Structures are given as structure tokens and as C-alpha cells.
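So the structure is just underneath, and the comments pick up after that.
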Amino acid sequence: MSGRTAPRTTARTVLLALGELLAWWVALALLWLALVTTVDTLELIVGACAAAAGALLARAGRRAVTWR
């Protein structure tokens, strides 16, 4: 019986982690867009990459503090 609940727990954990990363990415991408003066393709690519790196670091930092 415990074999059945483990994959569900793992899937839930993965979905929560992806949701947190997505929330951080959206927040940081919007901040980037608010601060940038010109919006062209290169700026959008750099902003998306910077927001992704920031989201990963924010999640890692939160996990290090809360031990989750």
C-alpha cells in the first residue's frame, strides 16, 4: 500500500516545486520588464534567462532556510 502513495507524493512535490519556480519566474520577469527601458527580442531573451536563474536561486535559498 505504501508503494502506491509514494509516486503520488513525489508527483505532488514535483508539481509544487514547478509551481513555485513558475511563480518566481513570473514575478522576476515582470520586474525585469518594469525596469528595462527598451523592449526588443534580445532584451526579452535576456530577461527570461535572468528570471529563470533568479527563480532557481530563490527556490534554493528558500529550501536552505526552511529545510523543505
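The values are calculated or read from the model by the stated rules, or taken from the named source; none is laboratory data. Being a predicted model, the structure only gives us computed values, none of them experimental. Neighbour counts are summed over all protein chains in view; Cβ atoms, including those assigned to glycine, are modelled from backbone coordinates with ideal geometry. Side chains are part of the model used for accessible areas, which takes the heavy atoms of the whole protein and leaves out ligands, DNA and RNA. Shrake-Rupley method; radii C 1.70, N 1.55, O 1.52, S 1.80 Å.
Please go through (1) modelled with pLDDT under 90; (2) assigned to a helix (DSSP H, G or I); (3) β-branched (Val, Ile, Thr) for THR38 and return the number of the only condition it doesn't satisfy.
Of (1) modelled with pLDDT under 90; (2) assigned to a helix (DSSP H, G or I); (3) β-branched (Val, Ile, Thr), only one is false for THR38: (2).
So is LEU22 assigned to a helix (DSSP H, G or I), loosely packed, with under 13 Cβ neighbours inside 10 Å and not aromatic (Phe, Trp, Tyr) or not?
The answer is yes for LEU22.
Conditions (1) over 13 Å from the mean Cα position of the chain (by Cα); (2) open to solvent by less than 60 Å² (accessible area, probe 1.4 Å), marked per residue:
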{"position": "ALA11", "(1), (2)": "yes, yes"}
{"position": "ALA29", "(1), (2)": "no, yes"}
{"position": "THR38", "(1), (2)": "yes, no"}
{"position": "ILE45", "(1), (2)": "yes, no"}
{"position": "ALA52", "(1), (2)": "no, yes"}
{"position": "ALA55", "(1), (2)": "no, yes"}
{"position": "THR66", "(1), (2)": "yes, no"}
